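Student: Quick one: the structure is below, and I'll ask about it shortly.
The values are calculated or read from the model by the stated rules, or taken from the named source; none is laboratory data. Just so it is clear, the model here is predicted, and its values are computed rather than measured. Because the Cβ atoms are built from the backbone with ideal geometry, glycine has one as well, and the counts that use them run over all protein chains shown. The protein model used for the area step is the full one, side chains on, heavy atoms only, and it has no ligands, DNA or RNA in it. Shrake-Rupley method; radii C 1.70, N 1.55, O 1.52, S 1.80 Å.
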Amino acid sequence: MQFEAGEEQQQLRSGLDRLLAQANDLAARTATLRGEPGWRPELWQRLAQDLGVLGVGLPETLGGFGGGFDQLVVMEAAGRALLPEPLAETLFQCAPLLGHGGAAAQALAAEVIAGDVRLAMALGEAGLRDDLAAIAMPAMRNADGWTLTGEKQVVVAAPWATHLLVPVRTGGAAGDAQGLSLFVVPVDASGLTLHEYRMLDERRAADVTFAGVQVGADALIGPEGGALALLDEWRDRAVAAASAEASGLLERLVDDTVAYARQREQFGQKIGSFQALQHRMVDMHLQLELVRSAALLACQSLDGDSAARARAASAARITTAQACRFIGQNAVQLHGGMGMTDELAIGHYFKRATVIERSFGSENFHLARRGRLDG
């Protein structure tokens with residue numbers, strides 16, 4: 001396992017930090033997110049063309065550079081910059097699954113690297129929680145492929161996507177391990193409608209309606225009826241990316257809190273001189289280091305044994321949720337009421353940390369899964 005960034009990874013980190021710092025004016029970012037289209041296509045193209053970042057996460061067989069430590073570097077930088085663009089959804093959640101598809105799906109990888117294709121996973125359904133086998137939206141076979149009818153809910157980054165990965169049931173009943181299939185569907189497909197909205201962290205999501213959407217046989221990713229293993233892989237990849245992002249954004253929360261404590265006065269003294277607050281900030285730093293370690297292991301376990309991948313992902317999910325809660329709440333408390341205002345970065349980072357805390361499976365699910373794997 002790699003524990004330190006190599007020379008090329010240090011250059012990648014430096015280049016990303018420079019580029020994202022230029023685009024990270026807080027007021028401009030907020031205006032972009034609350035306006036249309038809600039993201040920065042020009043920044044996306046710079047990530048593709050100036051740095052070649054959009055090849056990270058894709059396997060070399062699809063023309064990418066792989067993930068592992070590089071994924072950690074990219075998502076930590078995205079977290080530090082509070083980047084809203086769909087890096088995680090496109091590169092680290094969905095794009096690696098394209099390799100399980102046919103020629104048409106794999107051809108999308110080159111367009112991802114060029115910055116022309118963005119992906120999102122259309123997973124959520126009414127009542128669906130941790131058990132991915134409970135997906136019920138049907139797809140009916142026809143002469144040319146399949147017909148998709150139903151609705152997916154809270155599809156994060158769907159308003160910015162060009163294609164959706166859509167898990168549906170082509171056989172069996174909700175709850176069956178077999179019978180799930182995964183399709184790649186362009187967002188401009190006839191019968192597909194997005195109902196978009198902003199989330200707590202100002203990023204975009206959408207409820208997606210499929211009214212008899214037609215997909216061909218070449219849209220299938222993985223074996224027909226055998227997509228549950230791919231969805232498990234997707235969730236583990238999503239957790240690893242979110243943990244790496246949290247490492248970057250929690251670093252910013254800790255640094256901003258320490259800096260504020262050094263200049264804020266109360267009772268004629270800097271509040272950073274109060275021992276109780278010093279202890280709390282040390283605990284925040286310890287939580288940050290735990291997340292970094294868990295994210296490092298999760299990112300470097302993605303392409304190995306599935307049990308090791310799941311074990312590392314569940315550990316990262318639990319560690320990250322606890323750290324987001326502890327560091328985020330303490331950062332806001334130590335800033336006082338102004339910590340939740342739009343004028344300070346701290347509130348924006350806290351909202352993103354809160355969303356990450358509650359994403360990709362409940363803590364109880366991951367605790368139980370880790371217990372089964374360890375037992």
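Student: Scanning for something open to solvent by 50 Å² or more (accessible area, probe 1.4 Å) and within 30 Å of PHE350 (Cα to Cα), does the range 202-223 turn up at least one residue?
Tutor: Taking every residue of the range 202-223 in turn, none turns out to be open to solvent by 50 Å² or more (accessible area, probe 1.4 Å) and within 30 Å of PHE350 (Cα to Cα).
Student: Between a first residue in the range 253-277 that is in contact (Cβ under 8 Å) with a residue 40 or more places away in the chain and a second residue that is open to solvent by 70 Å² or more (accessible area, probe 1.4 Å) and charged (D, E, K, R), which pairs have beta carbons less than 6 Å apart while being 6 or more apart in sequence or on different chains?
Tutor: These pairs meet every condition: ILE271/ARG264.
Yes/no per residue for (1) among the basic types (Lys, Arg); (2) without any contact (Cβ under 8 Å) to a residue 60 or more places away in the chain; (3) on the phi > 0 side of the Ramachandran plot:
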| position | (1), (2), (3) |
| --- | --- |
| GLN9 | no, no, no |
| ALA27 | no, yes, no |
| PRO37 | no, no, no |
| ARG40 | yes, yes, no |
| GLN45 | no, no, no |
| ALA48 | no, no, no |
| GLY55 | no, yes, no |
| GLN71 | no, no, no |
| GLU85 | no, no, no |
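Student: Hey, among ARG352, ARG280, ARG372, which residue is at pLDDT 95 or above and either open to solvent by 20 Å² or more (accessible area, probe 1.4 Å) or in a helix (DSSP H, G or I) (or both)?
Tutor: Result: ARG352 is the single residue among ARG352, ARG280, ARG372 that is at pLDDT 95 or above and either open to solvent by 20 Å² or more (accessible area, probe 1.4 Å) or in a helix (DSSP H, G or I) (or both).
Student: For the structure I just gave you, tell me whether ARG252 is open to solvent by 20 Å² or more (accessible area, probe 1.4 Å), charged (D, E, K, R) and within 23 Å of the chain's Cα centre (by Cα).
Tutor: yes
Student: If you don't mind, there's one more thing I want to ask. If the Cβ limit is 6 Å and pairs must be 6+ apart or interchain, which residue in the range 361-374 that is within 13 Å of THR320 (Cβ to Cβ) pairs with which residue that is in a helix (DSSP H, G or I)?
Tutor: Going by the 6 Å Cβ cut-off, the qualifying pairs are GLU363/ILE318; GLU363/ALA321; HIS366/SER314; HIS366/ARG317; HIS366/ILE318.
Student: Ok, one more. Any idea which of LEU72, LEU47 is within 19 Å of ASP303 (Cβ to Cβ) and either surrounded by 18 or more Cβ atoms within 10 Å (Cβ to Cβ) or modelled with pLDDT of 90 or more (or both)?
Tutor: None of the others qualify; the one that does is LEU72.
Student: Then there's this: Looking only at the range 255-272, count how many residues are in contact with a helix residue (DSSP H, G or I) (Cβ under 9 Å, 6 or more places away or on another chain) and open to solvent by 60 Å² or more (accessible area, probe 1.4 Å).
Tutor: 5
Student: Would you check which residues across the range 136-154 are free of Cβ contacts under 8 Å to residues at least 60 places away in the same chain and either touching a Cys at 6+ places or on another chain (Cβ under 9 Å) or outside any strand (DSSP E or B) (or both) and list them?
Tutor: ALA136, ALA143
Student: What's the number of the condition ALA136 fails, among (1) open to solvent by 20 Å² or more (accessible area, probe 1.4 Å); (2) more than 20 Å from GLY57 (Cα to Cα); (3) under 20 Å from the mean Cα position of the chain (by Cα)?
Tutor: All conditions pass for ALA136, except number (3).
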